[in-house]
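Visitor: Have a look at the structure that comes next, please.
Here, each number is a calculation from the coordinates, and none is a lab measurement. Just so it is clear, the model here is predicted, and its values are computed rather than measured. Glycine gets a Cβ as well: all are built from the backbone with ideal geometry, and neighbour counts include every protein chain shown.
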Amino acid sequence: MTANSGDHSAVLEASSLTKVYGSGHTEVVAVQDATLTVARGEVVALLGPSGAGKSTLLTMIGLILPPTAGRIVIGGVTVFDAHRTRVNVRRFRRQHMGFVFQKANLIPFLTAAENVRLAMEINDMGRRAARRRAAELLDYLGVGERADHLPAKLSGGEQQRVAVARALANRPGLILADEPTAALDSVRGRQVMELFRKVAHEQQSGVIVVTHDHRALDVFDRTLEMEDGELRESRTVSQAQ
Amino acid sequence: MNLAGRDIRHNFGRFVLTTIGLGLLLMLVMGMGGIYRGLVQEATLLVDRIDADLWVVQKDTRGPFAEVSRIPGNLEDRVRAVPGVLSSRAFVSTTIQRERNRQPLRITVQGLSWPEDRGQWLPLVAGRALGQDHYEMIADESLKLPLGAKVELAKDTYTVVGLTRGMSSPSGDSMAFFTLRDSQAIQFDLSGEAVRLERAARYGRASQIDLGRSQPQVIERSRGLSSAIPALGPPAISAVLVKVRPDVDPGQVQLLIGKWPDVSVYSSDGQRDLLVSGIVDRSRRQLGLFRMLLIIVSGIIMALILYTLTLDKLHDIAMLKLMGARNSVILGLILQQALLLGALGYVIAYYIGQWVFPAFPRRVVIIPEDLWQLAGIVAGISVMASLLGIIKALRVEPSEVLA
Ligand SMILES: Nc1ncnc2c1ncn2[C@@H]1O[C@H](COP(=O)(O)OP(=O)(O)OP(=O)(O)O)[C@@H](O)[C@H]1O
Ligand SMILES: [Mg+2]
């Protein structure tokens, strides 16, 4: 990695991100000039009403959709600037990013454990190490006993926990989660949020979680709010406490 | 982790059915090739087996298989007198269709030059060669005539004394072997009425010419046996088979006999070429065309199967991309399934073929060269067929996971 950005304590520095869908009279400005920084070890909540642009912001940061304008620096590497992606996106994603979505999106023909192992094997981790880590993660998330089941045989919540294990498998520097706990009860949901926090602190990763669950907000270091495509800092939870 | 295998395990039933379907299709392709080989083998079988260096036939004909050849029986003796000739024998072949137990019985009647040729060169699986110059026959087992069976042909009764395996004429009919005279008797068999009418006509002709009028003996003779009339000569034969002395170049003898104005001479290879390029050629091209069409159909069906298999997994492929999987992982998933499908289909084709082909009415010959060639073709169409799916898979955006 070539460090080409100033703030080395930041996992993510996104500046002036804008996303415009469509053109002409179907044009939708989903995100407008969003700037945010996530420090190493920091867990950030992203709140906002439906259609505010939260998912869009997350997909831009995750290099899934290219921003219409703006700059993204992750772990000191400029990954997007001047309308162009600056890195090998696939490699960057498997090495440095973990994703969790509202739906688990597990590969249906792989068992829970295989789904987790796949993420690591894709990233060239040895089989044995991958196997061990998959078992550990699934155990930790309370689905160890379901490790050899296909996704179709798991409940929605169990699937979601497997997806969380998969996202964490490669110890990514940046974890992006879009309403990950929507399918979970509040206890499990909170557990997942706490896991994110633990992982962030242990691995010095940055975590952004889109959530509607206001009961678990105390887990986060910071809360951002979006409205009509615009991002603003709402409050620092730790300060409020 | 092998994604292709795990996906197949997950959709096992569908994969098995698909593979069997493809296997049956490939079996047809394999069978087409085998039928062609069988045609060639059947066509050239006799030429290969009969152990002759040269074939002497009627001038300017491509006889005796590709067209009718008629030469006088005494040509056998003329040929025998040529320097360098070890032996010569007459070749008579005619195909008849009779009824036996209410089933049509098609036999290619093959004459053997008794006593030199008793059929000892035939691949006998039971019984013996001909032991007397009349009323015995060697039949191919495909005629389903058991040893000792009596067959009525041309007013006489023949006994099956030997059985061969796999002897069929160039047109695929089962062969039976008789002495030359018996085979001619069968070929030129006429009903009593036909013989009487022929004699009456002969009598009429003779009594109208001067010779008949002035020589009452001629008129008298014309009412008798054909063989008693020197002017008529013995019945014609189809060809004379020549065996050349081992120290003599057959080409020399061919040149020598070829100079005679009443015959044409072919080497064994020449005769084989005539058969393959004449009789078999159109069937071969027809089969080749059909085989090609079947290969194309197989390719299209495979492409469709692989395309739908890929479509079903498009969401998963988008997820793989989102997780950062290399394209090689995705290509591997599709290509491995394609090749596995092709390979298993091929194996199924082979084994079903081994089981089914022997039951075909005509010979199906599967040779290693054809098997290798088909394996290559299957590998080729597997890869080609997966292209459609691969293109689709490479185009899918990771963002489709979110849709
Ligand atoms: N592919 C797209 N094409 C056009 N418009 C889109 C597309 N995706 C999202 N939008 C629009 O962009 C805006 C932001 O959508 P986004 O999905 O980011 O909202 P969100 O905050 O995640 O909402 P929710 O809480 O319902 O998930 C919405 O107005 C939406 O209609
Ligand atoms: Mg959303």
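Visitor: Suppose R0 equals 22 Å; then what is the FRET efficiency for B:Val356 and B:Val16 from their Cβ-Cβ distance, rounded to the nearest 0.05?
Guide: Once the sixth-power term is evaluated, E becomes 0.70.
Visitor: For the range A:56-140, what are the per-bin percents of Cα-Cα distances with bins 5 Å wide, up to the bin holding the maximum?
Guide: 3, 13, 20, 19, 15, 14, 10, 5, 1
Visitor: Work out how much length B:Val195 to B:Asp247 would gain on full extension: take 0.36 nm times their residue separation and subtract the Cα-Cα distance, in nm to one decimal.
Guide: 13.9 nm
Visitor: Here is a follow-up. Considering only DSSP beta bridges whose two residues both sit in chain A, what percent are antiparallel, to the nearest 5?
Guide: 60 percent
Visitor: Suppose we keep just the DSSP beta bridges with both residues in the protein assembly as shown; what percent of those would be antiparallel, to 5?
Guide: Within the protein assembly as shown, antiparallel bridges account for around 70 percent of the total.
Visitor: Work out the FRET efficiency for B:Ala379 and B:Glu141 from their Cβ-Cβ distance, taking R0 = 45 Å, and round it to the nearest 0.05.
Guide: 0.70
Visitor: Here is a follow-up. Can you give the percent of C-alpha pairs in the range B:49-271 whose distance is more than 30 Å?
Guide: Taking all Cα-Cα pairs of the range B:49-271, the fraction more than 30 Å apart is 34 percent.
Visitor: What number of lysine-lysine pairs in the protein assembly as shown show an alpha-carbon separation below 20 angstrom, given a sequence spacing of 8 or more or placement on distinct chains?
Guide: Lysine pairs meeting both conditions in the protein assembly as shown amount to 12.
Visitor: In degrees, nearest 10, range 0 to 90: what is the angle between the Cα axis of helix B:281-312 and the longest Cα principal axis of chain B?
Guide: 10 degrees
Visitor: Additional query: Using the Kirkwood radius built from alpha carbon pairs, what does the Stokes-Einstein equation give as D for the range A:2-240 at 4 °C and 1.567 mPa s, in µm² per second?
Guide: D = 71 µm²/s.
Visitor: Another question, then. In the Gaussian network model of chain A, springs joining C-alpha atoms below 10 Å, which of A:Gly53, A:Gly22, A:Gly75 carries the largest mean-square fluctuation?
Guide: Its mean-square fluctuation being the largest, the pick is A:Gly22.
Visitor: If you fit an axis through the alpha-carbon atoms of helix B:368-395 and take the longest principal axis of the Cα set of chain B, what angle between them do you get, 0 to 90°, nearest 10?
Guide: So the inclination is approximately 30 degrees.
Visitor: Could you work out the equivalent-ellipsoid semi-axes for the protein assembly as shown, taking the square root of 5 times each eigenvalue of the Cα gyration tensor, largest first, in whole Å?
Guide: Semi-axis lengths for the protein assembly as shown are 93, 23, 20 Å.
Visitor: Using the beta-carbon distance between B:Arg223 and B:Ile301 and R0 = 56 Å, what value does 1/(1 + (r/R0)^6) give for FRET efficiency, to the nearest 0.05?
Guide: Once the sixth-power term is evaluated, E becomes 0.15.
Visitor: Can you give the % of DSSP beta bridges in the range B:49-271 that are antiparallel, to the nearest 5?
Guide: 75 percent
Visitor: Here is a further query. Suppose we look only past 34 Å in the calculated P(r) of chain B. What percent of the Cα-Cα pairs does that tail hold?
Guide: It works out to 52 percent of all Cα pairs.
Visitor: How far apart, in nm, are two points set 7 Å out from the Cα along the Cα-to-Cβ line at B:Glu397 and at B:Trp372?
Guide: About 5.0 nm, to one decimal.
Visitor: Further question on the same structure: Using 0.36 nm times the number of residues separating B:Val347 and B:Leu24, minus their current alpha carbon distance, what extension gain do you get?
Guide: Once the chain is fully extended between B:Val347 and B:Leu24, it gains 115.3 nm.
Visitor: With each run of n ≥ 4 DSSP H residues scored as -39500 (n - 2.57), what mean residue ellipticity at 222 nm is computed for chain B after dividing by its residue count and rounding to the nearest 500 deg cm²/dmol?
Guide: My calculation for chain B gives -16500 deg cm²/dmol from helical runs alone.
Visitor: Using only the alpha-carbon atoms, what does the range B:1-111 span along each of its principal axes? Please give whole angstrom values in decreasing order.
Guide: Rounded to whole Å, the extents work out to 80, 44, 23 Å.
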